[in-house]
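Engineer: Here it is, the structure in full.
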Amino acid sequence: MLNLAVNLLILFGAPLLLVGVINRTKALWAGRRGAPLVQPFHDCFRLLRKGAVISETTTPVFRLAPSVNLAAVILAGLMVPLAGGGAILSFEGDFVLFAYLMAMGKFARVLAAMDTGSSFEGMGASREALFSGLVEPAFFLLMAGCMAIAGQTSLADALPALQRSGGLLQVALVLGVISFFIMLLVEGCRVPVDDPNTHLELTMIHEVMVLDHSGPDLAFLQYAAALKLVIVGALIAALVLPPAAPLGVSAALLLLVLAAVAVATGLVESVTARLRMTHVSQFVFLMTSNGLIVLAVVLLFKFGGLR
């Protein structure tokens with residue numbers, strides 16, 4: 001019960017705090033004091049207290065989409081390994097359900113954007129769908145490499161397998177961390193793939209998809225986007241942290257990795273500009289390339305006699 005309580009606290013309490021760390025990192029890099037770390041909590045609670053303005057052109061799909069998106073992301077978060085090396089919900093083949101729960105949440109957002117009847121939001125939805133289509137095969141390639149070593153098909157068992165192996169597999173471990181960080185930038189709608197603070201019509205992706213949402217619906221969408229930062233950050237932590245550490249030590253190390261990921265995200269956003277739309281696909285394809293290399297290295301290690 002203690003393990004469950006700690007993991008639930010990390011899963012649901014850390015997302016908005018990570019957004020605060022990212023914003024503070026960007027502010028410090030720019031020479032500003034920045035907003036308090038808890039400012040995202042205030043913003044979220046403020047939206048929950050407001051009413052929602054609904055366009056007359058929308059259908060019930062528009063109102064249901066934020067709740068479906070948040071529910072899908074929460075269920076996916078229950079499957080990632082957290083403190084103690086285990087997941088709240090784990091079973092053989094859970095990585096398939098994890099991937100398609102994430103896709104289901106994005107599908108709901110795309111439907112809501114198209115339900116408004118706005119060609120502008122439809123443009124953002126098409127871009128979001130394109131980038132997700134590039135991330136999905138890369139994720140399965142990475143999982144295939146981890147499962148080939150671990151002989152397991154659950155996230156909690158397969159991901160730590162790379163760190164327990166030495167030699168050439170350390171290259172695969174580094175590439176896996178880089179790939180998941182790219183996945184975090186894509187799923188979290190961060191620079192250089194997207195910019196959560198942009199107001200330029202031709203470069204907006206996630207922000208243009210939520211333009212018609214307000215009140216609690218907007219709070220759900222923003223919280224789901226922040227929750228994805230914790231989910232993918234936990235995947236990175238599963239690759240590098242010892243799975244057999246005591247609960248207290250494991251929770252502290254997990255929070256440290258999540259904080260490091262947030263700081264790294266803030267630094268990337270501070271020193272890089274958003275890529276041109278024609279170059280974003282090339283950047284996201286790096287994850288697929290890394291996944292192919294990881295799978296090749298693992299197969300050579302296992303079947304080619306390399307050490």
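Engineer: Can you bin every Cα-Cα distance in the range 111-233 into 5 Å intervals starting at zero and give me the percent of pairs per bin, rounded to whole numbers?
Structural biologist: 2, 10, 17, 19, 16, 11, 9, 8, 5, 2, 0
Engineer: Taking every Cα atom in the range 68-170, find the radius of gyration and the maximum pairwise distance Dmax, and write them in Å.
Structural biologist: 16.5, 55
Engineer: In vacuum, with every alpha carbon of the range 63-119 counted as one equal point scatterer, what does the Debye formula give for log10 I(q)/I(0) at q = 0.28 Å⁻¹? Two decimals, please.
Structural biologist: Reported log10 I(q)/I(0), two decimals: -1.03.
Engineer: Go from 0 up to the bin containing the longest alpha carbon distance in the range 222-289, width 10 Å each, and give me the % of pairs per bin.
Structural biologist: Histogramming the range 222-289 at 10 Å steps yields 17, 37, 33, 11, 2 percent.
Engineer: Of all the Cα-Cα pairs you can form in the range 169-307, what percent are over 18 Å apart?
Structural biologist: Of all Cα-Cα distances in the range 169-307, 64 percent exceed 18 Å.
Engineer: Helix 169-187: angle to the longest alpha-carbon principal axis of the chain, degrees 0 to 90, nearest 10?
Structural biologist: 10 degrees
Engineer: Taking 0.36 nm per intervening residue step and subtracting the Cα-Cα distance, what contour gain separates Arg46 from Arg276 on full extension?
Structural biologist: Contour length minus Cα-Cα distance gives 79.4 nm.
Engineer: Could you rank Leu253, Leu175, Leu28, Leu155 by how accessible they are, 1.4 Å probe, largest area first?
Structural biologist: From most exposed to least exposed: Leu28, Leu253, Leu175, Leu155.
Engineer: If the viscosity is 1.567 mPa s and the temperature 4 °C, what Stokes-Einstein diffusion coefficient in µm²/s follows for the range 7-158 when Rh is the Kirkwood radius over Cα pairs? It would help to have the intermediate numbers written out before the result.
Structural biologist: On the way: Rh = 18.1 Å.
The calculation lands on 72 µm²/s.
Engineer: Tell me the carbon and sulfur percent of the accessible area for the range 202-258, rounded to whole percent, probe radius 1.4 Å.
Structural biologist: 78 percent
Engineer: Right, next: How large is ³J(HN,Hα), in whole Hz, for each residue of the range 85-96 in order, when computed from phi with the Karplus curve 6.51 cos²θ - 1.76 cosθ + 1.60 and θ = phi - 60°, using x for Gly and Pro?
Structural biologist: Going residue by residue, I get x, x, 9, 5, 10, 9, 7, 5, x, 5, 5, 5 Hz, with x marking Gly and Pro.
Engineer: Same structure again: Which residue, Ala30, Ala234, Ala251, tops the fluctuation ranking in a GNM of the chain built on C-alpha contacts under 10 Å?
Structural biologist: Of Ala30, Ala234, Ala251, the Gaussian network model singles out Ala30 as fluctuating most.
Engineer: Taking a virtual spin label 7 Å from the Cα of Leu130 along the C-beta vector, which residues in the range 90-123 bring their backbone nitrogen under 16 Å of it?
Structural biologist: So the set is 120-123.
Engineer: Ignoring everything but the protein chains, give the 1.4 Å probe accessible area of Leu82 in square angstrom, nearest 10.
Structural biologist: 10 Å²
Engineer: Suppose we take every Cα in the range 114-153 and form the convex hull; what volume per residue is that in Å³?
Structural biologist: 52 Å³
Engineer: What's the angle, to the nearest 10 degrees (0 to 90), between helix 60-77's Cα axis and the longest principal axis of the chain?
Structural biologist: 20 degrees
Engineer: Something else about it: Ignoring ligands, DNA and RNA, what percent of the accessible area of the range 1-157 is carbon or sulfur (1.4 Å)? Intermediate values should be presented prior to the final figure.
Structural biologist: Working: 5060 of 7350 Å².
Heavy-atom surface of the range 1-157 belonging to carbon and sulfur, 1.4 Å probe: 69 percent.
Engineer: So, one more: May I ask you to list the aspartates and glutamates whose Cα is less than 18 Å away from that of Lys106, ignoring any residue fewer than eight positions away on the same chain?
Structural biologist: In chain and number order, the partners are Asp115, Glu121, Glu128, Glu136, Glu187, Asp194, Asp195, Glu207, Asp212, Asp217.
Engineer: Let me ask something else about it. For all pairs of alpha-carbon atoms in the range 193-256, what percent lies in each bin of width 5 Å, listed from the first bin to the last filled one?
Structural biologist: Reading the bins upward from 0: 4, 14, 18, 16, 13, 10, 11, 9, 5, 1.
Engineer: While we're looking at this one, here's another question. Please report the projected area of the range 1-50's Cα convex hull averaged over all directions, in nm².
Structural biologist: 4.4 nm²
Engineer: Suppose only helical runs count, i.e. DSSP H with n ≥ 4. What mean residue ellipticity at 222 nm does that imply for the chain under -39500 (n - 2.57) per run, divided by all residues and rounded to the nearest 500 deg cm²/dmol?
Structural biologist: -24000 deg cm²/dmol
Engineer: Could you do me a favour and compute the accessible area per residue for the chain, 1.4 Å probe, result in Å²?
Structural biologist: Value for the chain: 43 Å² per residue.
Engineer: Mean 1/r over all different Cα pairs, inverted: what Kirkwood radius does the chain give, in Å?
Structural biologist: Values: mean 1/r = 0.0504 Å⁻¹.
Evaluated on the chain, it is 19.8 Å.
Engineer: With everything on Cα atoms, drop me the angle between helix 277-303 and the longest principal axis of the chain, reported from 0 to 90° to the nearest 10.
Structural biologist: 20 degrees
Engineer: Follow-up. Taking the full set of protein chains and a 1.4 angstrom probe, give the accessible area of Lys50 in square angstrom, rounded to the nearest 10.
Structural biologist: 100 Å²
The values are calculated or read from the model by the stated rules, or taken from the named source; none is laboratory data. Quick caveat: nothing in here was measured; it's all calculated off a predicted structure. Cβ: placed from backbone, ideal geometry, glycine included. Neighbour counts: every protein chain shown. Accessible surface is based on the protein model in full, side chains and every heavy atom, while ligands, DNA and RNA are left aside. Shrake-Rupley method; radii C 1.70, N 1.55, O 1.52, S 1.80 Å.
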